[in-house]
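Below is one structure, written out as structure tokens, with a few remarks after it.
Each value in this text was obtained by applying a stated rule to the coordinates, not by laboratory testing. The model shown is predicted, which means the values in this text are computed figures rather than measured ones. Every residue, glycine among them, receives a Cβ derived from its backbone with ideal geometry; neighbour counts consider all protein chains shown.
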Amino acid sequence: MTARDLEPGDTPVGRVPGADSERRARLDLAREGWTLRRPLRRPRHGRWTAGPVALTERLDDLDDVHALVVAVADAPAGRVAAADVATVVAPFARRAVARGTLVLADLPGHLEGAVPVALSGVTGVPGDLAHDLAAVGQRRGVLITTLPEQAPTVTAVVATRRPQLLDRVTRMLAAQTYPALEVVVVVHGGDPADLPAVEVPGREVRVVVAPAEVSLGRALQIGSAAATGELLTKVDDDDYYGPDHVLDLVIAHRLSGATLVGKSTTLVHLEDLDVTVRRVFGTPESFVHRVAGGTILLSSADLAAVGGWSDVPRAVDSSLIRSVRDAGGRVYRPHDLGYVYVRHRRTEGSVEGHTWAADAGHFLVSAREQWLGLLRRPELGTG
């Protein structure tokens, strides 16, 4: 599939419903044509002889549903021609996915493959991790075609006082599927004469030093000044990132037109309790007031335009988001997957203490799902 299958308005921005309930539409296929059924609305009908236009005109009808199920309505199923489905339904399904609808198929053998983008066997409901991983993965597979052949370069800036964590985070950066990625490591408080050797296979890496006495914001500014990417993303040394994390952010930045994009802290590993929780809040693919600091991405030009990282020791992410919004910029959240925020067991007042003052109970109150230990999933960077 190529971007030619999509129209300029085929984006998920503002079109993915929250997980308050599940709403499904159904596209029934018959010998003469199709019927689109939606909750609490009258069915829409069309004939195969009308071609794909009549069905694609119904795309807006899917904006308030989570999923579309494509199935055969009459028997014998063989009366439905695979050529009609491939010509009419397949392009409709691709555009629906790009706009944020999960497309599922319940089709007989002779129609398998006629709607290549469709999935089967997806478990759970919206808000369940398994369901959302399937929906996001399907959407990513379509939206990746909207990126230009010469994708924008991205610099991942990692500021650390704990070089012992670099091995793990650099492995996750090496595994990123986004091709045009470089890495800048800022050793905060390191000895300029004894910087660690950092290797990220397949990526260009630069290691710079920030004096121990400068603030975290200043350290990030030093790292950003060493970056050459058109886009910059902040990566925290103690969190987990799935292989498609950077790709997700670049797609979101391009499609939303937002100044700054990022994910949310809904998947959290609570070290004190050794559990992983997933909280479900807000609406994905929407403009928001804030995002997780360890997932921020914006252009280097926009970072410079708002004055760069504030020279503050804590809350640097909140400060940047505030600067962006004060300048009239918008903040966008695509979804929360591919990022796990680690809530460490830390002592009060240490240099590793959390800016975000909330105990473990805060994360448990609204947890939808919970797993013992660190949830191991390759899509999350924890596999």
For region 229-283 and region 98-172, what is the centre-to-centre distance using only Cα atoms, to the nearest Å? 13
Report the full-extension gain for the segment GLU7 to HIS45: residue separation times 0.36 nm, less the Cα-Cα distance, to one decimal in nm. 11.4 nm
Between the modelled labels at ALA327 and SER366 (7 Å from Cα along Cα→Cβ) the distance in nm is 2.9
Considering the chain as a Gaussian network with a 10 Å cut-off on Cα pairs, which listed residue, LEU372, LEU337, LEU27, attains the greatest mean-square fluctuation? LEU372
Looking at region 147-380, send over the antiparallel percent of its DSSP beta bridges, to the nearest 5. 45
Let me see the P(r) profile for region 104-194: every Cα-Cα distance counted, bins of 10 Å, each bin given as a percent of all pairs. 12, 26, 26, 21, 10, 4, 1
Under 5 Å between amide hydrogens, which residues at least 5 positions from LEU232 or on another chain qualify, with H placed 1.01 Å from N in the peptide plane? THR155, LEU298, SER299, SER300
Could you work out the longest stretch of the chain that avoids the chymotrypsin sites (Phe, Trp or Tyr not before Pro) located in DSSP loops with at most 15 other Cβ atoms within 10 Å? 1-280
Normalised convex hull volume, region 3-145, alpha-carbon set, Å³ per residue: 106
Phi angles of region 274-281, converted by Karplus (6.51 cos²θ - 1.76 cosθ + 1.60, θ = phi - 60°) into ³J(HN,Hα) in whole Hz with x for Gly and Pro, give 6, 9, 10, 10, 10, 9, 10, 8
Per-pair calculated FRET efficiency, R0 = 56 Å: ASP194 and SER120 via Cβ, rounded to 0.05: 0.50
Work through the residues other than VAL136 whose Cβ is under 13 Å from its Cβ and net out their charges, Lys, Arg +1 and Asp, Glu -1. -2
So what is the calculated 222 nm ellipticity per residue for the chain, using -39500 (n - 2.57) for each DSSP H run with n of 4 or more, over all residues, to the nearest 500 deg cm²/dmol? -6000 deg cm²/dmol
Magnitude of the charge dipole, the chain, Cβ model with Lys/Arg +1 and Asp/Glu -1, debye to 20: 1020
Summing Lys, Arg as +1 and Asp, Glu as -1, what charge do residues with Cβ under 11 Å from the Cβ of ARG79 carry, ARG79 excluded? -2
Which value in nm describes the separation of the simple spin-label points at THR146 and ARG79, placed 7 Å from the Cα toward the beta carbon? 3.9
